[in-house]
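First up is the structure itself, then whatever we jot down about it.
Values in this text are rule-based calculations from the coordinates and carry no lab data. Here the structure is a predicted model, which means the values were calculated and not measured. In this analysis, Cβ positions are derived from the backbone assuming ideal geometry, glycine residues included, and neighbour counts consider all displayed protein chains.
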Amino acid sequence: MGSSLALYHFLLNNGHQVQIVTPSDYPDFLDWMPGNDKVINYEHAGGKSKQLAMDAELIFCLDFNTASRMEKFADSVLASQAKKVLIDHHLDPDNFCDYTFSFETSCATCELIYYFLLELGGAECITKEISECLYTGIMTDTGSFRFSSMTSDTHLVVAALMRTGASNFAIHENIYDNFSLDRTRFLGHCIKDKLVVLPEFRTAYIAITKEELIEYNHHSGDTEGIVNYALGIKGVRLAAFFCERDHLIKISFRSKENFSVKELSSTHFSGGGHRNAAGGRSIESLDLTIAKFLSLLPGLKETLNS
Ligand code: 5GP
């Protein structure tokens with residue numbers, strides 16, 4: 001959302017007609033971002049989204065590396081005659097766009113958009129709105145500027161964004177100090193009742209059913225970040241969060257050091273992402289998905305303990 005909204009503001013400021021389409025809902029804690037009220041969600045406006053894809057001259061695909069991440073919207077985008085531009089930092093991008101700007105070592109697509117906008121419009125094109133959007137994306141993708149992907153150059157980008165109007169404390173508060181009571185209690189439930197630790201495999205996981213989501217009055221984004229509590233346990237190198245959705249199990253993986261969850265996810269769970277943060281999915285039941293995950297651990301034991 002940060003990269004899309006930043007580019008949206010830049011293009012709008014330069015006289016273009018722009019529309020952001022998301023394939024599905026995104027977390028409520030991003031609703032405050034400037035331009036959010038103009039975003040179209042394919043799940044709520046499929047017809048309009050398809051028409052926009054057909055009429056577009058140029059389509060930017062931001063912050064994902066494979067067409068399937070556009071879910072049901074993918075067919076319309078791929079069928080469109082528009083030139084397509086991918087700007088992304090995930091590993092191993094597919095070749096589905098006319099132009100691919102893939103920088104796998106960058107910490108965030110928002111960092112790439114910052115450099116892209118500097119090239120196109122110079123420093124003066126970076127407005128307060130654009131700064132807020134880019135700051136948010138860099139902050140969330142780097143775990144608040146702490147992951148190994150964060151470089152001294154990125155700190156300079158962040159400093160520039162603060163100078164052009166991004167308020168660091170206001171953005172942190174909007175994202176991290178804005179949870180509903182339900183979400184906070186849900187987090188408590190995940191940690192107290194659902195966390196499983198397997199010291200032999202240096203692994204921890206949490207699995208949540210649809211019924212539990214309903215019980216805790218789940219809202220979009222409430223499950224974000226919960227996997228990190230499993231990873232935060234001393235000695236754990238691999239963490240997983242399984243969440244039962246309507247027709248599939250969505251999985252978040254996180255790891256420490258050299259263990260690649262991207263590899264695990266793309267090989268066994270139709271997913272991908274980064275070395276230490278990846279996602280995937282399963283169309284099996286929750287129990288079968290967990291059983292599959294557990295069955296993989298003995299084969300990974302040596303790597304996890306090395
Ligand atoms: P999260 O666990 O926060 O949903 O995602 C972690 C990382 O993996 C993000 O960079 C996200 O873009 C990527 N990711 C999540 N789910 C999938 C998926 O199903 N396929 C691919 N290729 N990447 C994913």
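Residue by residue through the stretch 136-153, what is 3J(HN,Hα) from phi via Karplus (6.51 cos²θ - 1.76 cosθ + 1.60, θ = phi - 60°)? Round to whole Hz and write x for glycine and proline.
My calculation for the stretch 136-153 gives 4, x, 5, 4, 6, 6, 10, x, 6, 6, 10, 6, 5, 6, 7, 10, 5, 5 Hz in order.
Starting from the Cα gyration tensor of the stretch 221-279, take the square roots of the eigenvalues, sort them a ≥ b ≥ c, and report rounded, prolate or oblate (rounded when a/c is under 1.5, otherwise prolate if a/b is larger than b/c, else oblate).
Oblate is the answer for the stretch 221-279, as a/c is 1.5 or above yet b/c matches or exceeds a/b.
From the residues S270, A230, G143, which one has its Cα farthest along the dipole of the chain in the positive direction, the dipole being from +1 and -1 charges on Cβ of Lys/Arg and Asp/Glu about the Cα centre?
A230
What is the spread of the Cα atoms of the chain along each of their three principal axes, largest first, in whole Å?
Per principal axis, max minus min of the Cα coordinates gives 57, 40, 38 Å.
Alpha carbon centre of the stretch 165-189 versus the stretch 248-263: separation in Å?
A separation of 24 Å, based on Cα centres.
Fewest to most neighbouring Cβ within 10 Å: what's the order for F253, F259, F147, F96?
Values: F253 28, F259 20, F147 14, F96 17.
Arranged by neighbour count, lowest to highest, F253, F259, F147, F96 become F147, F96, F259, F253.
Could you please report the charge total around L58, scoring K, R as +1 and D, E as -1 over all other residues with beta-carbon less than 15 angstrom from its beta-carbon?
Every neighbour counted, the sum reads -1.
State, to one decimal in nm, how far the label point of F101 lies from the label point of D28, with both points 7 Å from Cα in the Cβ direction.
With each label placed 7 Å out from Cα toward Cβ, I get 3.5 nm.
Counting Lys +1, Arg +1, Asp -1, Glu -1, what net charge surrounds T154 among other residues with beta carbon under 13 Å of its beta carbon?
Around T154, the surrounding residues sum to -2.
Take the cross-link list K72/K192; K50/K83; K192/K234; K72/K210; K50/K84 and give me the ones stretching past 27 Å between alpha-carbons.
On the way: K72/K192 36 Å; K50/K83 16 Å; K192/K234 17 Å; K72/K210 22 Å; K50/K84 15 Å.
Those over the limit are K72/K192.
Between H274, H90, H218, which gets the highest mean-square fluctuation from a Gaussian network model of the chain, Cα cutoff 10 Å?
The residue with the greatest mean-square fluctuation here is H218.
So what's the net charge close to A278: Lys and Arg +1, Asp and Glu -1, counting the other residues with Cβ under 15 Å from its Cβ?
0
Using +1 at the C-beta of Lys and Arg and -1 at the C-beta of Asp and Glu, which of S24, Y205, F186 has the Cα lying farthest in the positive direction of the dipole of the chain?
Y205
Between F241, F64, F293, find the one with the highest GNM mean-square fluctuation for the chain; connect C-alpha pairs within less than 10 Å.
F293
Within the chain, which is the longest segment containing none of the GluC sites (Glu not before Pro) that sit in a DSSP loop and have at most 15 other Cβ atoms within 10 Å?
Longest site-free region, per DSSP loop and neighbour criteria: 105-256.
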